Amino acid sequence: MIALKALSKNKFKSLLIFTSITIAVMAIFLISSVSQGIIGMYSKMIKTDGDIIITQKGIADTFFSNVDIDVIKKIVKINGVKSSYAMIVGASPVGNMPIAGIYGTTKNHMSHYKLTDGVYPNKGEVILGSNLASQIDSDEVKIGAKTFKITGTFSSGVGFEEGGVVMNIKDAGDMFSRSASFILVSALYPKGTTHADNIDNLVKKITTLNDDIEVKTTKSFVKEYNQFKIIENSSLVISSLAFAMGLMGIASIMSMIVNSRKEEFGIMRALGKSRAFIMKNLFFESLIMSFSAYLFALVVSLGILEILPHIEKLQGYVNGTLSFETALYVLVSTIIMAVIGSLIPAFIASKTDPILLINQGCS
Amino acid sequence: MIKVKDISHFYGDEQVLYDVSFEIKKGEFVFLSGSSGSGKSTLLSILSTLLKPSKGEFLLDSLHAVCPSGIEDIKNIDKFRQENVGFVFQFHYLINYLNVKENIALAALDSKKQNIDKILHDLGILDLASRYPNEISGGQRQRVAMARALINEPKIIFADEPTGSLDSKNSTIVYELLAKAVKKGTTVVVASHDMQVQNYATKTIRLLDGKLQ
C-alpha cells in the first residue's frame, strides 16, 4: 500500500515515468506491428486461393519475376490440380495518387475481388479497391501513360489490394512488359492421399514443365521470401533500437527518481525499516507503474492499429498486426528494465549510512 | 547506557571528531552543546547508529559496536534501532506521501500500533491524523515527529536541533515532551545551539572543534 501511496502522492514523477514507459512500449508495438502487418497482407494475397506459387527462377522479388503465362495450359492438365491463375503485381501512379498497387489477373481469378459496385473489367477497363475508389471521383483514371475506364469497386479485406487497381492481365502485361509475375495453383483434395502429399507431388510435376520456373508451396514461399526477411530484419533492428532506447530511458528515469528519494530511504532506515522493506516497496512501485503503462500503451496501440487502415491518405497500405509473442516479450522486458532501473540505485543507497542518505537528500 | 571510547571521525581527509570518550547513564537528559561545526551532529549520528565512525568503539544498551565496521556486523541493526532508539530531527523528516497517522505507523512496532491514537491525543494532534505533512504547520510537524519518536517507548531518544525551526512556544512544548519521557525512564540526548535545553538537562557534554571540553 505504501507503494501505491508513493505513486499517487508524487503525481508529476509518476506521470513522467508512466509517459516514458508508454511511449517506449508504443514505439515497439507500432513499428513491429506495421511490419508484421505488411508481411501478413502480402502473405494473405498469395495464400488465398493458392497452394503452389510459380515464379521466374532465380529472382529475388516477385516484382521482377516474368513467367510464361502459357505454362497454365499445361498445369491445368495435371491430375490433382483444381485451378490455376496468373497475376502481375506492379506499382504505378494512379490519377493524382503518386503510387498505387496494380494487380493484373486472369479472368478466373477476378471473383477473388468481391464487387461492391459495377462489373468486372475487360480490356481497357479497371476496378478500384474501396480505399482508392474513395479518393477518385471520375469514370476514368490515368494509370502510367494510359487511361482506363473504371467499371466498378471491390473489397478483398487485404489492405494492399483495397488501395490498388485490378485490371485484365493483358493490360498489366503491356504496362509492365511481362507475361505474368507469378502463377498460383490450387490443389484438389484427392482420395487415398493427403492434401500435403498431393501438393508435394504437384510441385515436382510442375517443376518439370519449364526450365525457367521455380515452384514452391505458398507456405514455404512465404517462409523463405527474401522481401519478408528484409522487412522482418529491418523492422526488428529499428524496433529493437527504439525499444532499447526507450528501455534505457525508463531505467534512467527510474534511477533518477530513486536517487531523488535518498532522503526518504534514509528516514526509513533511521526509523528501523529494513533494506528489504524499502526494496520491496520500490519493486511494487516499479511493477505497478510499468504494468499500468504497458496496458495503456497496448490499448492505445491497438486503437491506432485499428484506425490506420481506415485513413484514406494511407490507401490501406499501412495495416498492423500485433502478435501475442511480441506483446508478451515487450511486457517482460518493460517490467525487468523498470525494476532493474529502480532497484540497483536503491540497493546501492541501502548500503550507505542512513544519516548520509538524509543529508544527501537535503543537498 | 551509553559508553563511548575514543571515537574519531573523518569526512574524507577532514577530521571532525578527536578521540571522544564519555558515559551517559540511563534516564539522563543530556545536552550536547557546541558551536556550529563542533561535531555534535556527527557524534549524535554515530551514537544513534545512523553513521559508522571511522575509529573507536561504543556500547549502546546491549549493542556493542566496534568501529569502523562493527555496527554492520551486528545482525538486524534496523530492528535494534526500531525497538530501542527514537529520533527527532531539526526538519522533522516526515514522509510526504503518508498522512500523520501513517507516518507514525511506519515507525511503530506491530505491538505499539494500537497506541497511535493515544499518543496523538497526548500531543494534542489527534485531529491532524489524516492530514499530510504539507497540510500542517512547522510546530505541528515537529509534534508529529515527536510522536513518531515516542511511539515505541524507546530506551533512548536522540534529538538533533529539534527546535531549530520552531518558535519559543513550540520549542517549549518539544522540551516538555522530552522531559516527560525522561521522567518515564527514557534517556534523552539533545544536540542543540538552544541554551533553553539547559533548563531541562541533567548533564551537559560540550564539544569544541571535535574535542570534549
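Nothing in this text is a laboratory measurement; each read-out follows from the coordinates by a stated rule. Bear in mind the structure is a predicted one, so any value in this text is a computation, not a measurement. Cβ atoms come from the backbone with ideal geometry, glycine included; neighbour counts cover every protein chain shown.
For B:Ser168, project a label point 7 Å along Cα to C-beta. Then give me every residue of region B:174-192 with its amide nitrogen under 17 Å of that point. Of the residues in region B:174-192, B:174-176 have backbone N under 17 Å from the label point off B:Ser168.
Sort A:Met41, B:Met146 so the one with the fewest other Cβ atoms within 10 Å of its own Cβ comes first. Mind showing how you got there, number by number?
On the way: A:Met41 21, B:Met146 24.
Ascending Cβ contact count within 10 Å gives the list A:Met41, B:Met146.
Highest mean packing comes first when the peptides A:64-73, A:111-120, A:167-176 are listed by Cβ atoms within 10 Å, giving A:167-176, A:64-73, A:111-120.
On the beta carbon distance between A:Gln227 and A:Ile336, with R0 = 25 Å, the FRET formula returns roughly 0.15. Per-residue mean of foreign Cβ neighbours for A:271-279 is 6 (Cβ atoms of other chains, 10 Å radius).
Determine the gain in length on full extension of the stretch A:Thr352-A:Met245; use 0.36 nm per residue of separation and subtract their C-alpha separation, reporting nm with one decimal.
Taking A:Thr352 through A:Met245 to full extension adds about 35.5 nm, to one decimal.
The slack between A:Ala60 and A:Leu209, meaning 0.36 nm per residue of separation minus the straight C-alpha distance, is 51.5 nm.
Distance between the modelled labels on A:Lys44 and A:Asp137, one decimal in nanometres: 2.9 nm (7 Å Cα→Cβ projection). Within the P(r) computed for region A:148-252, what percentage of the Cα pairs occupies the region above 24 Å? Within region A:148-252, distances greater than 24 Å cover 56 percent of Cα pairs. Placing a pseudo-label 7 Å from each Cα along the Cα-to-Cβ vector at A:Met256 and A:Asn201 gives an inter-label distance of 6.9 nm. Taking amide H atoms as placed 1.01 Å from N in the peptide plane, the amide H of A:Ala91 lies under 5 Å from those of A:Ile102, each 5 or more residues away in sequence or on another chain.
Listing A:Leu308, A:Leu188 from fewest to most neighbouring C-beta atoms within 10 Å gives A:Leu188, A:Leu308. In this structure, the amide hydrogen of A:Ile69, modeled 1.01 Å from its nitrogen in the peptide plane, lies closer than 5 angstrom to those of A:Ala180, counting only residues at least 5 positions away or on a different chain.
Compute the helix-to-body angle for B:168-183: its Cα long axis versus the longest principal axis of chain B, expressed 0 to 90° and rounded to tens. Helix B:168-183 sits roughly 70 degrees off the main axis of chain B.
Length gained on full extension, A:Asp117 to A:Lys219: 33.4 nm, using 0.36 nm per residue less the C-alpha separation. Label positions at A:Leu295 and B:Ser111, each projected 7 Å from the Cα along the C-beta direction, are separated by 4.1 nm. For the Cα trace of chain B, dividing Rg by the Kirkwood Rh returns an Rg/Rh value of 0.96. On the basis of the beta-carbon distance and an R0 of 22 Å, A:Phe277 and B:Lys184 show a calculated FRET efficiency of 0.15.
Put the Cα centre of region B:83-114 next to the Cα centre of region B:130-152 and the gap is 9 Å. Pairs of Cα atoms nearer than 8 Å and 6+ residues apart set the relative contact order; for region A:58-211 it is 33 percent.
In order along region B:88-93, the Karplus-derived 3J(HN,Hα) couplings, from 6.51 cos²θ - 1.76 cosθ + 1.60 at θ = phi - 60°, round to 10, 9, 4, 9, 6, 6 Hz, and Gly and Pro are given as x.
Calculate the mean, over all residues of peptide A:4-15, of how many other protein chain Cβ atoms lie within 10 angstrom of the residue's Cβ.
Other-chain Cβ atoms within 10 Å of each residue's Cβ, averaged: 2.
Rg/Rh for the protein assembly as shown (Cα atoms only, Rh after Kirkwood) is 1.30.
Taking every residue in A:264-270 and counting other chain Cβ atoms within 10 Å of its Cβ, the average works out to 6.
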